[in-house]
Structure formats: C-alpha cells, structure tokens
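Novice: Structure incoming, see below.
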Amino acid sequence: MKQTTSFTCTVCGTAYRKWAGKCDACGGWNTIVEEAPLSTGPRSLGAKGRPIPLSDLATEEAPPVRASSGLEELDRVLGGGLVPASAILVGGDPGIGKSTLLLQAAASFARKGLKCIYISGEEASTQVRMRAQRLGLTDARVALGAETNLRDILTTLDAERPALAIIDSIQTMWLDSVEAAPGSVSQVRAAAHELVTFAKRRGVAIVLVGHVTKDGQIAGPRVVEHMVDTVLYFEGERGHQFRILRAVKNRFGPADEIGVFEMTGGGLAEVPNPSALFLANRDQPAPGSAVFAGIEGTRPVLTEIQALVAPSTLASPRRTVVGLDPGRVSTILAVLEARCGIPFAGLDVFLNVAGGLRVSEPAADLAVAGALLSAREDVAIPPDMVLFGEISLSGALRPVGQTENRLKEASKLGFSQATVPSHSKFEGAAGLTVRQMADLTAFVGEMFGAG
Ligand code: TYD
Ligand code: MG
C-alpha cells in the first residue's frame, strides 16, 4: 500500500504515521501537522552504483584559511573566523536582532574584501537598505537581494559565486519541487538541504537565519541543526540591551563559546569585557547577591546571582528562576535542607542572573547557595568576594575546572577574596585571598554563623 501523507512534528521534526495531540519525542502539544512525504526516490538498489574515490587520513593540504570579520565577538564564536564553504545556522526569537547582526557581519566581511550577498525573504531591499543607512554600513559592498524562490536564489549564487551568502530567513524560502507551504517542516528541510549541499559543492559559506518560536507554529530550525556545521543561537531578554551569541554546535571550533553584544540605537555594539558590564550596575553590599566567577567557552565571565526569599502564602511556594536551570536550583535547595538543616519550605524563592545571561555550569552551585542563604539569613556576602564550586548531593563541594582563570578574572575586576571547594587546583591566586571549603556545612558555618 502506498502511503501518501505523513505527519510531522513542527518543533522537532519527528515523523508519525498517524496524527496525535502530543509529540512523544519532544513533548510538545498540538505540534503535529500533516505533510506531504519527502520523496525517497527509487527503492531498488539492484542497479550498479559508481565507485567513489577514497583517500587517506594523512593530508598535505593546508587547513582552510578562515576569514576574519573584524568583529571579534563574532569571530571567536565561529571558532576563530569564518570557514570557507561552511554552513551556519543562526537561530533566535523573532525581533532579537538576527537581521541586524548579520547585516553588520556581512558589511564587516565585505570591508575585509570578501564578496557577500545578503538575501532577505522577509524584507524588501529598500527596508534592508534603510537599516544599513541607519547602521552606517552603506559604504560596504554587500549585494542585496529580496527573494524567496530558492531555485532563483541558487541560480544567482551560482552565477555570482560569493564567498558568503546570508539567507534571511530559512522559513521564508520555498522550493517549487516540494508541495508544502513555506515554513513547513518539509520546505524548511528541503531548502536547508539544497543550500547546505550548494555550500559544500561550490565553496560558498552560507548563513541561514532561523526563527525559533516557543509555540512551534513555524517549523523550528531544530530540524536543520544536524545538517549544518555550526549552530549559533542569538539570545537575550527582550527588555535588556545585552545579546549573547552562543555556539551550541561547531564542527570547526569549541562549542559553548559566547560573544556578547549590546543593542544600541546604532545597531549591535561589541562588548569585549562582559564581566565589567554584567557587574556594572551592582548596588552596595546587599543580602541575596553573590558574584559567580564562571567560564563561558574559553573566556571567564563574572556574573551576579540574585536571590529573594520571602514568606509564602501558597500551599506549594513559588520557585521562580531566571537564567539558571530550575532542576539544579531545586537540587541545591534540597541539599541545603537535608545536609545543612536549612529549610525553605513555606518560603517563596526567586533567583535571577543579572544582565540576562544564562548560566548552565554546575560550578555556579556554590554562588547560588550563597545567594539563597544570604537572602534567607539577611546577611550580605562581602562585596569583594567571588564564589564557585559544584555541590554534590552529599553536601560536599567539588572542585571545578579552570580555577586559575576564574581567580585571574576576579582579580582583574577588583575582587580580593574567593571561596572555592577544597582540593581546587591552581598555582597562583592572582593576589586573592582564597578560602577552601570541604562541604556546604562548613561554608554555612563560616559565612553565616552556625547553620
Ligand atoms: P531584527 O534584526 O530585525 O530582529 P530579527 O531579525 O531577529 O527578527 O531586530 C529588531 C529589533 O532590534 C527591533 O526591535 C529594534 C532593534 N534595533 C535597535 O534597537 N537598534 C538598531 O539599530 C536596529 C537596527 C534594531
Ligand atoms: Mg529579521
């Protein structure tokens, strides 16, 4: 029996034979839609194929020359510049600044002598030009195009052979060979496949812009993630001016690297020293604040973790967490209760990472515990102290990597004390007074009197 339709989750791309209300793979509700199936081509493998040339691992070839944009925050996230013929996905919420970032990037690459083409499927050329004018980029030789038909775009790119092509956005592109609406999973997947294949064959680096929507209305760029070499996410809280470009996958460099930008009236400005910025608006020593010396990718970044603990009127008190993993916070609360005898039952807990950064390192545990205890006991942590260390379920503190880099950054920003786990490995303390603690109970005793 020939199957004519299939059902696909618009968020994660999982295929189903029948419609269902909930996607078993990603847990999304009402995300499964009917799609025309992708053509799988002729089934028979009986016909003879053509042998492909194979080669050794050893190579005489020089590594590809990376192109630098001159925007240091961007180059670092790319792993040290743009790799020729690579495919990059830049995802993010609508309105976060993806088009602005990529127009600025295109202009920077063009000023360095790269041939750049910017194809907008969302805005007319005049709109893009107006934005370029406002950003002061009109002198850069970037070729603009407004088109959504992928066949025409590929023909143009093939004729022009730029070094870099930006496709804004992948959700607006459509192929006439696929019978589905633009933005559907089949269209996005097919269009991305065509573009990535083109990038490899013709040696054109391609950047795809992808919108992520929380409700999964449009096919998320997650179906594209495994096709491309590099996945970057552009994040930030809408109300904040900071924007973080984060590498979540990179075949040509370290993942987890971040670049920090600030959204200004004149576009995105680079923030070469994010620690200073994240700590800039710090008030006088206040209960509930702890400074975490973290590592983002290859760079140390200091952030302030803020906690508020207040009596709750709710049967199950509130746990509101911004910028941290809520599961991790629950674990820390449970360890504080079980190992140190400090209950948070009947108390609402609010936690926030200042500046809109998202912290995912377990090394932040100690700073989170410090902020929570400081808020609960109403005792301020010394303002010149940084904290870091992982908390294990037994309440022991475990050393984390790159202790020395964290201490150096803290010293550079004028901090003079650090509280770290015992057995942390470091040679020099960079002028800081370092206190090593074996477990959370010792920490509580030392900082806040007996628990
Ligand atoms: P945009 O790049 O269009 O977002 P995306 O492509 O991710 O949807 O950015 C839109 C937002 O950026 C808009 O709300 C206004 C703001 N913005 C500035 O604050 N300053 C600027 O110079 C520009 C160009 C945009
Ligand atoms: Mg846009």
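Novice: Out of (1) touching a Gly at 6+ places or on another chain (Cβ under 9 Å); (2) within 25 Å of SER186 (Cα to Cα); (3) near ligand 1 (Cβ under 10 Å from one of its atoms), what's the single condition that is false for ILE170?
Specialist: (3)
Novice: So for the range 198-205 (the condition being in contact with a Pro (Cβ under 9 Å, 6 or more places away or on another chain), surrounded by fewer than 21 Cβ atoms within 10 Å (Cβ to Cβ) and more than 25 Å from TYR16 (Cβ to Cβ)), does at least one residue qualify? Walk me through it before giving the result.
Specialist: Here is the first cut: in the range 198-205, the residues in contact with a Pro (Cβ under 9 Å, 6 or more places away or on another chain) are 203-205.
This time we only want the ones that are surrounded by fewer than 21 Cβ atoms within 10 Å (Cβ to Cβ), so: 203.
Those still in the list that are more than 25 Å from TYR16 (Cβ to Cβ) too: 203.
Among the residues of the range 198-205, at least one is in contact with a Pro (Cβ under 9 Å, 6 or more places away or on another chain), surrounded by fewer than 21 Cβ atoms within 10 Å (Cβ to Cβ) and more than 25 Å from TYR16 (Cβ to Cβ), which makes the answer yes.
Novice: On to the next question. Looking at the structure I just gave you, is GLN306 surrounded by fewer than 17 Cβ atoms within 10 Å (Cβ to Cβ), under 20 Å from LEU413 (Cα atoms) and not aromatic (Phe, Trp, Tyr)? Give the steps one after another, and end with the answer.
Specialist: On the way: surrounded by fewer than 17 Cβ atoms within 10 Å (Cβ to Cβ): no; under 20 Å from LEU413 (Cα atoms): yes; not aromatic (Phe, Trp, Tyr): yes.
Spelling it out, it is not the case that GLN306 is surrounded by fewer than 17 Cβ atoms within 10 Å (Cβ to Cβ), under 20 Å from LEU413 (Cα atoms) and not aromatic (Phe, Trp, Tyr).
Novice: Moving on. Of the residues that make up the range 432-449, is at least one within 25 Å of the chain's Cα centre (by Cα), open to solvent by 60 Å² or more (accessible area, probe 1.4 Å) and modelled with pLDDT under 95? Spell out the reasoning first.
Specialist: Within the range 432-449, the first condition is being within 25 Å of the chain's Cα centre (by Cα), and the residues that meet it are none.
The answer is no; no qualifying residue exists.
Novice: May I pose another question? Is there a residue in the range 98-121 that is at positive phi, modelled with pLDDT of 90 or more, within 16 Å of ligand 2 (Cβ to nearest atom) and surrounded by 15 or more Cβ atoms within 10 Å (Cβ to Cβ)?
Specialist: Quick first cut of the range 98-121, residues at positive phi only: 113.
When the remaining residues are screened for being modelled with pLDDT of 90 or more, the result is 113.
Still in the running and within 16 Å of ligand 2 (Cβ to nearest atom): none.
No.
Novice: While we're on this one: Condition test on ASP158, is it out of contact with any Leu (no Cβ under 9 Å at 6 or more places or on another chain) and either modelled with pLDDT of 95 or more or more than 16 Å from ligand 2 (Cβ to nearest atom) (or both)? Break it down stepwise before answering.
Specialist: On the way: out of contact with any Leu (no Cβ under 9 Å at 6 or more places or on another chain): yes; either modelled with pLDDT of 95 or more or more than 16 Å from ligand 2 (Cβ to nearest atom) (or both): yes.
When the stated conditions are applied, ASP158 passes them.
Novice: One residue is enough: does the range 208-224 have a residue meeting the conditions open to solvent by less than 10 Å² (accessible area, probe 1.4 Å), more than 16 Å from ligand 1 (Cβ to nearest atom), under 24 Å from VAL322 (Cα atoms) and modelled with pLDDT under 85?
Specialist: Yes, that holds for at least one residue.
Novice: Answer yes or no as to whether GLY445 is closer than 26 Å to LEU347 by Cα and without any contact (Cβ under 8 Å) to a residue 12 or more places away in the chain. Give the steps one after another, and end with the answer.
Specialist: On the way: closer than 26 Å to LEU347 by Cα: yes; without any contact (Cβ under 8 Å) to a residue 12 or more places away in the chain: yes.
Yes; evaluated as a whole, the condition is true for this residue.
Novice: Follow-up. Could you tell me which residue of the range 250-279 is farthest from ligand 1 (Cβ to nearest atom), considering only residues that are among the small types (Gly, Ala, Ser) and under 22 Å from ALA363 (Cα atoms)? So that I can check it myself, show each step before the final result.
Specialist: Of the range 250-279, the ones among the small types (Gly, Ala, Ser) are 253, 255, 259, 265-267, 269, 275-276.
Among the residues that remain, those that are also under 22 Å from ALA363 (Cα atoms) are: 255, 259, 275-276.
Numbers: ALA255: 22, GLY259: 15, SER275: 24, ALA276: 22 Å.
Applying the filter and picking the extreme gives SER275.
Novice: Take the residues in the range 136-155 that are surrounded by fewer than 18 Cβ atoms within 10 Å (Cβ to Cβ) and farther than 30 Å from VAL178 by Cβ; name whichever of them is nearest to ligand 1 (Cβ to nearest atom).
Specialist: Ranking the qualifying residues of the range 136-155, first place goes to GLY136.
Novice: Pick from the range 38-86 the residues that are β-branched (Val, Ile, Thr) and either surrounded by fewer than 16 Cβ atoms within 10 Å (Cβ to Cβ) or at pLDDT below 85 (or both): which of them is nearest to ARG202 (Cα to Cα)? Spell out how you get there, then give the answer.
Specialist: As a first pass, look at the range 38-86 and keep what is β-branched (Val, Ile, Thr): 40, 52, 59, 65, 77, 83.
Subsequent filtering for residues that are either surrounded by fewer than 16 Cβ atoms within 10 Å (Cβ to Cβ) or at pLDDT below 85 (or both) retains 40, 52, 59, 65.
Working: THR40: 25, ILE52: 19, THR59: 21, VAL65: 16 Å.
Checked the range 38-86; the qualifying residue nearest to ARG202 (Cα to Cα) is VAL65.
Novice: I would also like to ask the following. For GLY95, are the conditions met, namely being open to solvent by 50 Å² or more (accessible area, probe 1.4 Å), within 12 Å of ligand 2 (Cβ to nearest atom) and either β-branched (Val, Ile, Thr) or on the phi > 0 side of the Ramachandran plot (or both)?
Specialist: Details: open to solvent by 50 Å² or more (accessible area, probe 1.4 Å): yes; within 12 Å of ligand 2 (Cβ to nearest atom): yes; either β-branched (Val, Ile, Thr) or on the phi > 0 side of the Ramachandran plot (or both): yes.
Here the answer is yes, as GLY95 does meet what is asked.
Novice: Can you tell me which residue in the range 324-364 is modelled with the lowest pLDDT, limited to those that are of a type in the set (D, E, K, R) and closer than 30 Å to ASN273 by Cβ?
Specialist: Pass one, the range 324-364, residues of a type in the set (D, E, K, R): 325, 328, 337, 339, 348, 358, 361.
Next, only the ones that are closer than 30 Å to ASN273 by Cβ stay: 325, 328, 358, 361.
Values: ASP325: 95, ARG328: 96, ARG358: 87, GLU361: 93.
Ranking the candidates gives ARG358 first.
The values are calculated or read from the model by the stated rules, or taken from the named source; none is laboratory data. Quick caveat, the model's predicted, so the values are computed rather than measured. We place every Cβ from the backbone using ideal geometry, glycine too, and count neighbours over all the protein chains shown. Areas reflect the complete protein model, heavy atoms only, side chains present, ligands, DNA and RNA absent. Shrake-Rupley method; radii C 1.70, N 1.55, O 1.52, S 1.80 Å.
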